[in-house]
Amino acid sequence: MPIEQRDKEVILTLPSDESTSVKVLLHGANILSWTIAGKEQLWLSEGAVLDGSKAVRGGVPLVFPVFGKASSGPTSTLPQHGFARLSTWEFLGQVSASPLTVQFGLGPENVSEAFRKAWGFDFTLIYTIALGADTLETAMRVENTSKVNWDFQILFHTYFRIPDVDKVEVNGLTGVSVKDKVSKSDYSESNTTVTVTSETDRVYEDVNNDVLIASAGKPLFHIYRKNVADVVVWNPWVNGSKNMGDFRPEDGYKSMLCVEAGSVSKWTTLSPGQTWECSEKIKSSL
Ligand code: TA6
């Protein structure tokens, strides 16, 4: 069946090809798996904790209302990357048959008391996931249901499965301003193709081009974004992988790359009743 709702997850399966599917964990509305004709497109750690006790290491974790850790302001007492990936979302049902599309919702009633105390604003998130023959589209609608303004950051923290980190190339970032969290420096990307040869943790700000992930020149994933101007590129490399207890196998960094569409280089302010939308569409050639 196209949509299967289980106790803790929802599975989308294309009627035209049952080996093309998406599995979504209600905890975090975290996409755990996206297969095309039986081939897995995303990377999920073998050590990923799926019992709701922590964020999922892999697939597509959702980052909201803060990216990283804020040193001050209303999100400063939230955990890294906020509470969206740490909360159990509601499955709202199927909204379309072609492409096969479902929605999930999150509001204050779904968030722990601790997180509500930490960030006490009223909000609604509607997360839409659409599965095509060789595409996965994720979209988020953010609404301020408070009586006051509040600011947020948002990001799809997508872990792509790649054949070989030594051959991976990211195109579309040339000339873009970079905040490099490893070298702790800011610069403009001078390379036509970004490669990964060590720990990589960069925020590419205001990326106008579509982004292409390739392997030795062979296209893997085309990423099309709306209203998420920034692109984060992250690979923990050898030590980073070893130091994360839920990142397994330890050499898993060789077969993954996070290329994350987000609005994180600045804060977006919503006034009461205002809504804001973004989306990421990934076309796979893996
Ligand atoms: O998106 C890159 C990043 O912010 C890195 O700095 C690294 O912390 C990564 O996210 C994973 O964060 P997590 O909280 O999931 O361990």
Inter-residue pairs, beta-carbon under 9 Å, first more than 18 Å from N110 (Cα to Cα) and in the stretch 69-94, second within 16 Å of the ligand (Cβ to nearest atom) and of a type in the set (K, R), 6+ apart: S76/K69; Q80/K69
Any hit, the stretch 250-263, residues being touching an Asp or Glu at 6+ places or on another chain (Cβ under 6 Å) and either in a helix (DSSP H, G or I) or within 16 Å of V165 (Cα to Cα) (or both): no
Pair list, Cβ < 6 Å and 6+ apart or interchain, from the stretch 184-201 residues that are away from the ligand (no atom under 16 Å from the Cβ) to residues that are of a type in the set (A, V, I, L, M, F, W, C) and open to solvent by 80 Å² or more (accessible area, probe 1.4 Å): none
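Any residue at all in the stretch 31-42 that is assigned to a loop (DSSP other than H, G, I, E, B), open to solvent by less than 20 Å² (accessible area, probe 1.4 Å), modelled with pLDDT of 95 or more and within 15 Å of the ligand (Cβ to nearest atom)?
No, the stretch 31-42 contains no residue that is assigned to a loop (DSSP other than H, G, I, E, B), open to solvent by less than 20 Å² (accessible area, probe 1.4 Å), modelled with pLDDT of 95 or more and within 15 Å of the ligand (Cβ to nearest atom).
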Within the stretch 227-249, considering residues that are of a type in the set (A, V, I, L, M, F, W, C) and assigned to a helix (DSSP H, G or I), the one farthest from S146 (Cα to Cα): V238
Test: residue in the stretch 47-58 that is within 15 Å of the ligand (Cβ to nearest atom), open to solvent by less than 70 Å² (accessible area, probe 1.4 Å) and either among the polar types (S, T, N, Q) or modelled with pLDDT under 95 (or both): no
Close pairs (9 angstrom Cβ cut-off, 6 or more residues apart or separate chains): basic (K, R) and in a loop (DSSP other than H, G, I, E, B) in the stretch 145-171, open to solvent by 10 Å² or more (accessible area, probe 1.4 Å) and away from the ligand (no atom under 16 Å from the Cβ) anywhere: K147/D122; K147/P272; K167/T195; K167/S215; K167/A216; K167/G217; K167/K218
Within the stretch 247-283, tally of residues that are among the small types (G, A, S), under 16 Å from the mean Cα position of the chain (by Cα) and open to solvent by less than 30 Å² (accessible area, probe 1.4 Å): 4
Criterion: of a type in the set (F, W, Y) and surrounded by fewer than 14 Cβ atoms within 10 Å (Cβ to Cβ) - qualifying residue of Y159, Y187: Y187
Residues (surrounded by 14 or more Cβ atoms within 10 Å (Cβ to Cβ), assigned to a loop (DSSP other than H, G, I, E, B) and within 13 Å of the ligand (Cβ to nearest atom)) located in the stretch 59-74: G59, P61, V66, F67, G68, A70
Count of the stretch 121-137 residues which are in contact (Cβ under 8 Å) with a residue 24 or more places away in the chain, open to solvent by 30 Å² or more (accessible area, probe 1.4 Å) and farther than 17 Å from F156 by Cβ: 4
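Each row is one residue, and each column tells you yes or no for (1) farther than 20 Å from G245 by Cα; (2) not small (G, A, S).
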residue	(1), (2)
E4	yes, yes
P15	yes, yes
A37	yes, no
L44	no, yes
F64	yes, yes
F67	yes, yes
L78	yes, yes
Q94	yes, yes
T101	yes, yes
Selection within the stretch 208-239 - over 15 Å from F160 (Cβ atoms), surrounded by 17 or more Cβ atoms within 10 Å (Cβ to Cβ) and within 15 Å of the ligand (Cβ to nearest atom): V228, D230, W237
Any hit, the stretch 195-211, residues being more than 21 Å from the chain's Cα centre (by Cα) and under 13 Å from V233 (Cβ atoms): yes
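The values are calculated or read from the model by the stated rules, or taken from the named source; none is laboratory data. Small disclaimer: the values here were computed from a predicted structure and weren't measured. Here the Cβ is made from the backbone with ideal geometry for all residues, glycine too, and neighbour counts use every protein chain on show. Remember, those area values only see protein heavy atoms, side chains included, never the ligands or the DNA or RNA. Shrake-Rupley method; radii C 1.70, N 1.55, O 1.52, S 1.80 Å.
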